[in-house]
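Undergrad: Supplied in C-alpha cells, the structure appears directly below.
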Amino acid sequence: MADTKLLDGRLIVTTGDITRMTTEAIVNAANSSLMGGGGVDGAIHRGGGPSILEECKRLRKSRYPDGLPTGDAVVTGAGNLPAKYVIHTVGPVWGDSGEAEKLAGCYRRTLEEAAKLSLKEVAFPAISTGIYGYPKEEAARVAFAAVRDFLETSKLPETVHFVFFSPRDARVFLDTLSQG
Ligand code: AR6
C-alpha cells in the first residue's frame, strides 16, 4: 500500500515494521516497568540489543522508581536500530478510566520530547491497539487529533509517521478518519 500524506504532508501513514524505520526517533509502545515485553516493545529490544534495556534500568533507578506513568514518555538511545532514539511511552489498557485522555497524552508527551531534542521526524506505532486491546477505530481518532493539535502549534517535529503493522490496519485508520 502506498504511503498516504495528511496534514499538509506532515503526517505520513505507512505500513511495515517500525524497527526498520530510519527516522531519527521511533516510538515504543512500552509498559510502565520499561523492562520490555511483547509486540513492538519486544521487537525494539530484540533489534536494538541490550543497551536500550540498560538505559531503561538506569531511568527506573534515577527518575521513575515506580515506573513510567501511563500517558508519559521518556527517551533512550536506539542501540543497533537504524533510528537514533527510542521514545518509550505507556499506553492505557482498554477499559482503564480516562483512556482517551491517556492515549492522547502518549502522543503529546512523545512529541514534546521529540521537539525538545529538535528532532525533525518521529515514527509511531498504533499505541495500545495490540496487547492493550484499544479498538483500532477509537485509537485512530484519538491519535490523529492529538498529533494534529500538537503540530498546529509546533514547527518540530516537521514530519510524523504512523506505521501500521499491516495494510489492513492502515486502511482502518484512513477509513475511520474519512468517516469523521
Ligand atoms: N511494527 C509496527 N507495528 C507493530 C509491530 C512492529 N514491529 N509489532 C506490533 N505492531 P503492541 P500495546 C502493532 O501490542 O497494545 C507489550 O508487551 C500491533 O499490531 O505492541 O500498546 C508492552 O511491553 C498493534 O497494532 O502494544 C506492553 O506490556 C500496535 O503495534 C504492551 O505490549 C501496538 O501493539 C503494550 O501493548
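Undergrad: Applying the selection to segment 34-69, what residues are open to solvent by less than 80 Å² (accessible area, probe 1.4 Å), more than 26 Å from GLY133 (Cα to Cα) and free of Cβ contacts under 8 Å to residues at least 24 places away in the same chain?
TA: The answer is GLU55, and nothing else.
Residue by residue, here is whether (1) of a type in the set (D, E, K, R); (2) more than 16 Å from LEU11 (Cα to Cα); (3) at pLDDT below 95 holds:
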{"site": "GLY71", "(1), (2), (3)": "no, yes, no"}
{"site": "LYS102", "(1), (2), (3)": "yes, yes, no"}
{"site": "LYS116", "(1), (2), (3)": "yes, yes, no"}
{"site": "GLY130", "(1), (2), (3)": "no, yes, no"}
{"site": "TYR134", "(1), (2), (3)": "no, yes, no"}
{"site": "GLU137", "(1), (2), (3)": "yes, yes, no"}
{"site": "VAL163", "(1), (2), (3)": "no, no, no"}
{"site": "SER166", "(1), (2), (3)": "no, yes, no"}
{"site": "GLN179", "(1), (2), (3)": "no, yes, yes"}
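Undergrad: If I filter segment 21-33 for residues that are more than 17 Å from ALA114 (Cβ to Cβ) and either of a type in the set (D, E, K, R) or more than 9 Å from the ligand (Cβ to nearest atom) (or both), do I get at least one hit?
TA: No, segment 21-33 has no match at all.
Undergrad: Might you let me know whether segment 7-30 holds any residue that is among the aliphatic types (A, V, I, L, M), closer than 17 Å to ALA146 by Cβ and open to solvent by 40 Å² or more (accessible area, probe 1.4 Å)?
TA: yes
Undergrad: Now for a different question. Sort out which residues of segment 1-20 are more than 9 Å from the ligand (Cβ to nearest atom) and charged (D, E, K, R), and write them in order of number.
TA: ASP3, LYS5, ASP8, ARG10
Undergrad: Give the number of residues within segment 79-121 that are within 14 Å of the ligand (Cβ to nearest atom) and either closer than 18 Å to ILE18 by Cβ or of a type in the set (Ser, Thr, Tyr) (or both).
TA: Summing the residues that are within 14 Å of the ligand (Cβ to nearest atom) and either closer than 18 Å to ILE18 by Cβ or of a type in the set (Ser, Thr, Tyr) (or both) in segment 79-121 gives 13.
Undergrad: Tell me which strands (runs of 3 or more DSSP E) are completely within segment 1-55 and hold 2 or more residues being in contact with a helix residue (DSSP H, G or I) (Cβ under 6 Å, 6 or more places away or on another chain), or say none if there are none.
TA: So the answer is 11-15, 25-30.
The values are calculated or read from the model by the stated rules, or taken from the named source; none is laboratory data. Bear in mind that the values here come from a model prediction, so they are computed numbers and not experimental data. Because the Cβ atoms are built from the backbone with ideal geometry, glycine has one as well, and the counts that use them run over all protein chains shown. All accessible areas refer to the heavy atoms of the entire protein, side chains included, with ligands and DNA or RNA removed. Shrake-Rupley method; radii C 1.70, N 1.55, O 1.52, S 1.80 Å.
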